[in-house]
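Accompanying notes for the structure given below.
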Amino acid sequence: MPNLTSSNCFLLEGVYKKTILLKVKMQNRSHTNSNVLIRILKVYRFNPEIDSKPYLVIYPIFTTRIDIYRRGPMLLDDLNYIHLRWHGYKSISHRKSCREGICGSCAMNVNGINTLACIYTPDPSISVFTVYPLPHMPIIRDLVVSLKHFYLQYKSIRPWVQSTKYVTINKIKQSKYDRELLDGLYECILCACCSTSCPSYWWNTDTYLGPAVLLQAYRWLIDSRDENTVQRLRTLNDSFALYRCHTIMNCTQTCPKGLNPAFAISKIKTLIHQFFNSDE
Ligand code: SF4
Ligand code: SF4
Ligand code: FES
């Protein structure tokens, strides 16, 4: 990914000055239908097909109360607004689907924190927001990154119930207790916010599975319906796939769903320790 430096930042100077003036002018006005500048978004832009370097563009976000009612208060609504208002090369590419924090498509970095744009409410006391794609991922265009490698890693942990019972019956009962063990794990939407905030994942992307995939691996390890626990533990017992985690905890701090991948990783390590110790 090309580096972004102050020398290659492109700012819409004219628009910027105009919006600042407008902001001052509008501060004391209370007309509900007036266009009011509520914040400024500095958005990362890069199209590998035509740009030699990435750059930032400043987008002023104007609104009225009627607008807010129509288009919603989230950061994703601001990006949609930019997408509609600025056409052609000034528009931005970004992913979205559910608009409810369920699909994980709209993951991006806002003011230095990985989050989901559709459930991120911009703080009204902050006037400038910087919006970058997820860090250390190959850029496809603007805020859209390639998650191909991330999904291949997910596939490598065989994320499904492996059970011979499924061959003869299509339902396997689970006790209430066993089902509750999956709480805090099954909610993961694979948005990659945690993995792309992890320094160990940045430097060892090819070999380290990263917090999201390891949380999923733990989810299948403790599923009472799965019969392949031993093989799963053997595969995970690898100095790169698992033990690149150094408990930095960025993953847990950034997860927009409030999950704890670092805890799941420590549980895998404990299980491996118990399994191989008792095996000897
Ligand atoms: S653990 Fe949280 S941050 Fe990581 S992929 Fe799952 S939902 Fe996203
Ligand atoms: S706790 Fe482990 S997985 Fe989470 S950010 Fe730190 S090194 Fe990465
Ligand atoms: S659009 Fe689905 S999580 Fe944001």
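The values are calculated or read from the model by the stated rules, or taken from the named source; none is laboratory data. What you are looking at is a predicted structure, and each value in this text was computed from that prediction instead of being measured. Heads up, the Cβs are rebuilt from the backbone with ideal geometry, glycines too, and the neighbour counts pull from every protein chain shown. For the accessible areas, the whole protein counts, side chains as well, though only heavy atoms, and no ligand, DNA or RNA atoms are used. Shrake-Rupley method; radii C 1.70, N 1.55, O 1.52, S 1.80 Å.
Provide 53, 173, 269 ordered by accessible surface of protein heavy atoms (probe 1.4 Å), highest first.
Values: 53 110, 173 195, 269 50 Å².
Greatest to least solvent exposure: 173, 53, 269.
Please compute the contact order of region 148-279 in relative form: average sequence separation of alpha-carbon pairs under 8 Å and at least six residues apart, divided by the residue count, as a percent. Intermediate results must be reported in sequence, preceding the final value.
Details: 143 pairs, mean separation 40.5, N = 132.
After rounding, I find 31 percent.
Report the charge-dipole magnitude of region 51-171 in Debye, nearest 20, computed about the Cα centre from +1 at each Lys and Arg Cβ and -1 at each Asp and Glu Cβ. Show your work: numbers first, answer last.
Details: 15 positive and 7 negative charges, 115 e Å.
So the dipole magnitude of region 51-171 works out to roughly 560 debye.
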**Fill in**
The correct ranking of 95, 45, 85 by accessible area at 1.4 Å, largest first, is 85, 95, 45
**Prompt:** So if R0 is 41 Å, what FRET efficiency would residue 231 and residue 253 give, r being the distance between their Cβ atoms, rounded to the nearest 0.05?
**Reply:** 0.80
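Which value, in debye to the nearest 20, gives the size of the charge dipole of region 148-279 about its Cα centre, when Lys and Arg are +1 and Asp and Glu are -1 at the Cβ?
Numbers: 16 positive and 10 negative charges, 59 e Å.
Result for region 148-279 is approximately 280 debye, rounded to the nearest 20.
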**Prompt:** Which order do 84, 147 take by accessible area at a 1.4 Å probe, largest first?
**Reply:** 84, 147
**Heavy atoms of residue 190 accessible to a 1.4 Å probe, total area in Å² rounded to 10** = 20 Å²
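Return the subset of 96/269; 96/155; 42/155 for which the Cα-Cα distance in this structure is over 27 Å, preserving the input order. If you can, show how the numbers build up before the last one.
Details: 96/269 35 Å; 96/155 23 Å; 42/155 35 Å.
Where the Cα-Cα span goes over 27 Å, the pairs concerned are 96/269; 42/155.
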**Fill in**
For residue 271 the rounded accessible area (nearest 10 Å², probe 1.4 Å, non-protein molecules ignored) is 50 Å²
**Complete:** Nearest-0.05 FRET efficiency for residue 71 and residue 274 at R0 = 35 Å, using Cβ-Cβ distance, is 0.10
**Item:** Accessible surface, per residue, of region 148-279 when the full set of protein chains is kept, probe 1.4 Å, Å²
**Value:** 54 Å²
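Gain in length, residue 171 to residue 119, computed as 0.36 nm per residue apart minus the alpha-carbon separation, to one decimal in nm? Intermediate results must be reported in sequence, preceding the final value.
Numbers: separation 52, 0.36 × 52 = 18.72 nm, distance 3.51 nm.
Contour length minus the Cα-Cα distance gives 15.2 nm.
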